[in-house]
Each structure stands twice: as structure tokens, then as C-alpha cells.
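Right, one structure below, let's go through it.
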Amino acid sequence: MSIFRKRRAQNLDEWLEIATEGLAPAAKERIWADIASHYDEAVAGHLDNALPMSAAQTGALAELGDAKIAARRFRRAHLTKYEFQQVAKLLKSARRYGRYGLAQAGDLAFCWFFCSVNPAAELLVPGFHILRNVAIALIIVCSITDFVLARRKSADPFPRMLVLMQSLRCLTFGMLMLTGISLQELHVMPFLMTSLVLFGYSLFYFGLRNKLGKVAEDWVGEAGQGRHEIPPDKPVAS
Amino acid sequence: MNFKGSLATLILQNLSRGPNHGYRIAQEIKTQSKGVLDFKEGTLYPALHGLEGKGLISSATREENGRTRRYYRLTEKGKKALVREREELLQFSGAISLILREAR
């Protein structure tokens, strides 16, 4: 059997498995409920038209169409599992106020260290001085904003803000790494690759921040209780 | 028939007549178009969820005849979007039919 053979759904469960593959738990739950209800209605409709049960089920499944096409569209309308995990991680670390503060201090220390071991005089490209100053300003803004967010008892209403800060932080470190390219004594490639990866992450988080505004239900429960959020490990420090 | 991009407008138009559930929305669009707009129903839900994410429609579940149905309803933002998009689509289809009529 070829591994490239197209996987086709034989029944509703298989169709739903394919259509919701890799989606966040709340998104899966919502889609399963909606599609299952639709399928039941369609089967009942076919039975009313005097079709036998098996033909009614086959017809209803065929009317749903290709599960892979639906999966691609659902991934645009809902959070994926990976995106969900990234937001969960950010919220989790924001809730651990003490550790979060340490991380912020670490960011600032790294920034200070990077700039002090790479003094401006050694930079080959003069324009990179501006880049570095912008990066330093951004990291300070990010750290202060994150502190303010983490000081609140619950960071839940601010996942978009936290994700935006993460995007800015990646952008900042990417910019700092880029300034490293212009240093005479260091290799260009490691700095270039690291900065590119960080810019990629920055874009990913920025996209995620925009997506979070459209997929609120995947994150917060219907009653606003945060059904699917990951519970904090430790009580929040007062 | 492929009507990529206009499914959202058709959903909004359907909901402008009152709250409706997914299955009936699909059936009504097919019936009203006399079967011409025959889309796969699995693609209806990503569109519905996307519209809900944008705040153009809202939804709530309701128990009916032993079945749980999710009813979708147009929001104020959705009503404004419908007026705008309907106008654009009518202009577009009018322009296309002008060109095609000339070609006959």
C-alpha cells in the first residue's frame, strides 16, 4: 500500500478526526458538536426521503465533502494545538510572578552584557548603532509592560498583550543578533541564522496575536471561565 | 459551482431573515439557488466560525426535539458588513453579466 494514498474518511468519526487534526481542544470540541449535529440532521433528512440507513449515512458523509479541505479552513478559523500551547506557556509563566520577574531581569542583563562586550566603536556598519538603540528601547518597554501584566492577579484577560510582547521580544533579540554580524572578530553565519530564526518567531507571535482576537472561544470558555486554560502550578504571589 | 469568497455574504444574507442553524442555512442556500450553488457542507462551518470570530454573527445552543442545535444570529456589525458586501457583490456580478451578455 502506498504511503501517498489519500486518506479518505469512511465514517463520521474518521471525517472529524481528519478535519480537526492538530487543533486546540476547545476548537475540536466545538467542531465535533457542530458537525455531528449537522450530520444527524442530514441523515434524518435522507431517511425522510425513504433512503435506507446505510445510504442515508453515506449520503450525509459525502455531502460534508473532503475532510482535508475542511481541516485547512478550520485551521484558519481556530487555534491549532501548537498555538494553544504557546499561549498557555506564556500565561503560565506570567502567573508565576517571581520567576517572570527573574526572566525580565535576565533579558535586561543579556541586553546590557551584549552591548557592553560589543561596544559601538567595533561595529562595522554605522547604521547598526541605531538598530541596537532601538532594540534596547524595545526590551525596556517589553520588560516594563510584562511586569505590569504579571503584577495583576490573573493575566488571563491579556493573552493578546502577552503574545504581542513575546513578538516584540523576539524582534528585539533578533535585532541585537543582527548587530553582531558587523563585528570584525565574530563569525557572521551564527548571528545571521539566529536573528533570522528570531524574526521568524516574532512574525509567528504577531500572527498569533491577531488570530487570538478572532478565536476567543478557543481560549476562554463560553461563560468566560477559561474552560480550557491550563491551571496554574502554584498560587500567585500576592 | 465555485463561488469562493461569496459564501460568507450568502450566510450573512440568510441570517438577515432571522436566526438559523447550520444545516438549514446550507439547505436554504442550495434551494434558493435552485441547486446551482452546490457546496460541500463541511466548508460551511469554517466560514460560520470565521464570521463568529470576526464578530459578524453570534451563536447559542438550543434544545429542539431532543437535538442540540446551534443557532447563529446576525450582529449589528454583521448587518453593516452585509450591506457593504451585498453592494460589492451585486456590482461585481452586474459587471460580469454585462461583459458576458456582450460576448453572446
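What follows draws every value from the coordinates through simple rules; no lab data is involved. In this text the structure is predicted, and so the values were computed from the model without any measurement. Neighbour counts run over all protein chains shown; Cβ positions are idealised from the backbone, glycine included.
Relative contact order for chain B: what percent, with Cα pairs under 8 Å and sequence separation of 6 or more?
Details: 96 pairs, mean separation 32.0, N = 104.
Once normalised by length, the contact order is 31 percent.
With charges only on Cβ, +1 for K and R and -1 for D and E, what is the dipole size of the stretch B:1-51 about its Cα centre, in debye, rounded to 20? Don't skip to the answer; put the middle values down first.
On the way: 6 positive and 3 negative charges, 14 e Å.
Computed charge dipole of the stretch B:1-51: roughly 60 debye.
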### Message
Which three extents, in angstrom, do the Cα atoms of chain B have along their principal axes, listed largest first?
### Response
54, 28, 21
### Summary
Charge tally for neighbours of B:SER58 with beta carbon under 9 Å away, counting Lys, Arg as +1 and Asp, Glu as -1, is 0
### Task
Just tell me how shielded A:33-41 is by partners: mean number of partner chain Cβ atoms within 10 Å of each residue's Cβ, no decimals.
6
#### Entry: Which of B:LYS80, A:LYS214, B:LYS54 has the fewest Cβ neighbours within 10 Å, and the rest in rising order
B:LYS80, B:LYS54, A:LYS214
### Summary
In this structure, among A:LYS92/A:LYS214; A:LYS211/B:LYS80; A:LYS214/B:LYS77; B:LYS34/B:LYS54; B:LYS54/B:LYS79, pairs with alpha-carbon gaps over 24 Å are B:LYS34/B:LYS54
### Query
Got a sec? How would B:LEU44, A:LEU192 order by Cβ neighbour count within 10 Å, fewest to most?
A:LEU192, B:LEU44
### Message
Using the Cα centre of chain B as the reference point, and only Cβ charges (+1 on K/R, -1 on D/E), how large is the resulting charge dipole? Debye, rounded to the nearest 20.
### Response
120
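Please work out whether the stretch B:53-104 counts as rounded, prolate or oblate from its C-alpha gyration tensor, where a ≥ b ≥ c are the square roots of the eigenvalues and a/c under 1.5 means rounded, while otherwise a/b larger than b/c means prolate and anything else oblate?
It comes out oblate by the Cα gyration axes.
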#### Entry: Relative exposure of A:VAL43, A:VAL148, judged by other C-beta atoms within 10 Å (fewest first)
A:VAL148, A:VAL43
#### Entry: Selected from A:PHE74, A:HIS38, A:ALA62, residue furthest toward positive end of dipole (the stretch A:1-82; charges at beta carbon)
A:PHE74
### Task
For chain B, find the longest principal axis of its Cα atoms and tell me its angle to the long axis of helix B:44-53, 0 to 90°, nearest 10.
80
## Note on the structure
Here the whole-number average of other chain Cβ atoms within 10 Å per Cβ of A:206-215 is 2
